[in-house]
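In what follows, a structure is listed as structure tokens, so that the remarks can point back to it.
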Amino acid sequence: MKRRWFFIILCIFKTSFLFCLNYSASDLSRSITLTDTKIIFEESEKIFSPEYKILTNKEEYMITWEFSNGIAYINFNYTGKMFNGEENGEKKYLVLYDEPANHLYISFYNKDNELIYELFGWKYTIDGKNKVTAQASSELQEKNILYSAENILNLNKLIPWVEGIDGAGIGEKIKITRKENNYFFGMLLSNGFVDYNRPNLYVNNNRVKKIRIYYGETGNFTDFEINDSPHYQYIQFPYSYNEYWNSGIIIDYIEVEILDVYKGDRWDDTCINSIYILAD
């Protein structure tokens with residue numbers, strides 16, 4: 001009996017503190033691989049003279065993970081040149097990534113909540129505030145800080161949108177409008193209040209559990225269940241590229257409505273960290 005209980009406790013320990021991650025993403029010239037023990041950066045360079053060659057540079061580091069209130073951090077001793085000009089030395093970054101099967105997006109933030117490195121594994125993306133705008137039915141104002149809808153488009157800084165009505169914000173909406181003639185086919189959503197130095201804010205505040213997305217003036221909408229995780233979640237809209245253009249469907253904006261929430265341990269304010277529109 002004692003051996004059986006020891007085995008059960010050991011399994012719980014391993015499940016809680018170890019995980020098997022094998023995440024990778026790449027664009028035309030860069031790639032990144034993140035596992036439970038390593039981070040690998042690769043950059044390729046095309047040489048056209050005297051003969052065509054592709055040179056690949058590679059940096060590999062052993063890492064350790066930390067987890068606090070659902071927020072993930074990596075630690076490693078950086079000694080290279082590929083991490084966006086960061087100085088060498090011991091580093092600790094907050095890391096966000098999408099489902100490993102999708103290979104869409106990964107980002108790293110420093111202790112000032114500033115974006116240090118990002119990589120998109122998808123060629124169709126909208127460049128935040130430059131090509132779309134965001135408005136909300138309500139926004140929370142705390143002293144001199146406004147948790148506005150525009151925050152969700154700014155991936156360079158960790159600061160969320162927080163709804164501003166009494167209660168959990170059921171029925172509150174964010175409207176995202178395009179500035180250019182792009183076809184919206186999906187989005188990445190990072191849930192909750194994500195902060196490098198205050199990971200407790202993720203569990204202390206509400207997170208969205210179920211949302212409804214309205215597609216412009218079409219009158220159509222889709223409901224989506226959202227995981228209780230700060231990592232990016234891929235939400236695919238129901239219109240294919242051909243349907244969009246051949247049928248004359250025009251979607252100038254989408255609206256994201258809160259239908260249900262994961263309750264916070266301390267406050268009844270619902271937060272969304274970021275939304276990144278995927279478009280052609």
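The values are calculated or read from the model by the stated rules, or taken from the named source; none is laboratory data. Just so you know, these numbers come straight off a predicted model, no measurement behind them. Backbone-built Cβ (ideal geometry, glycine too); neighbour counts: all protein chains shown.
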**Study point:** Cross-chain or 6+ apart pairs with Cβ under 6 Å, the range 58-71 first and exposed (fewer than 12 other Cβ atoms within 10 Å of the Cβ), then of a type in the set (S, T, N, Q)
**Key:** Thr64/Asn75
Study note, to complete from the structure: Selection over the range 81-120 where residues are outside any loop (DSSP other than H, G, I, E, B) and at pLDDT 90 or above yields a count of 20
Point to revise | Enumeration of residues in the range 198-219 that are surrounded by 19 or more Cβ atoms within 10 Å (Cβ to Cβ) and outside any strand (DSSP E or B) | key: Pro199, Leu201, Tyr202, Val203, Asn205
**Study point:** Candidate set from the range 121-163 (those that are basic (Lys, Arg) and in a loop (DSSP other than H, G, I, E, B)); member that is modelled with the highest pLDDT
**Key:** Lys143
Check your understanding: In the range 169-192, which residues are charged (D, E, K, R) and assigned to a loop (DSSP other than H, G, I, E, B)?
Key -> Glu172, Lys179, Glu180
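Residue-wise test of (1) under 15 Å from the mean Cα position of the chain (by Cα); (2) farther than 19 Å from Asn156 by Cα.
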residue	(1), (2)
Met62	no, yes
Tyr78	no, yes
Phe83	no, no
Tyr93	yes, no
Practice item. Scan the range 62-69 and give yes if some residue there is among the acidic types (Asp, Glu) and either under 17 Å from Thr33 (Cβ atoms) or in a strand (DSSP E or B) (or both), otherwise no. Key: yes
Review point. Out of Asp166, Asp195, which single residue is under 13 Å from Cys271 (Cβ atoms), outside the structural domain of Gly70 (by TED's automatic domain parsing) and not in a strand (DSSP E or B)?
Key: Asp195
**Study point:** Criterion (in contact with a helix residue (DSSP H, G or I) (Cβ under 9 Å, 6 or more places away or on another chain), at pLDDT below 95 and not hydroxyl-bearing (Ser, Thr, Tyr)) met by exactly one of Phe193, Phe185
**Key:** Phe185
**Study point:** Ile106 in contact with a Leu (Cβ under 7 Å, 6 or more places away or on another chain), of a type in the set (A, V, I, L, M, F, W, C), surrounded by 14 or more Cβ atoms within 10 Å (Cβ to Cβ) and closer than 26 Å to Ala279 by Cα
**Key:** yes
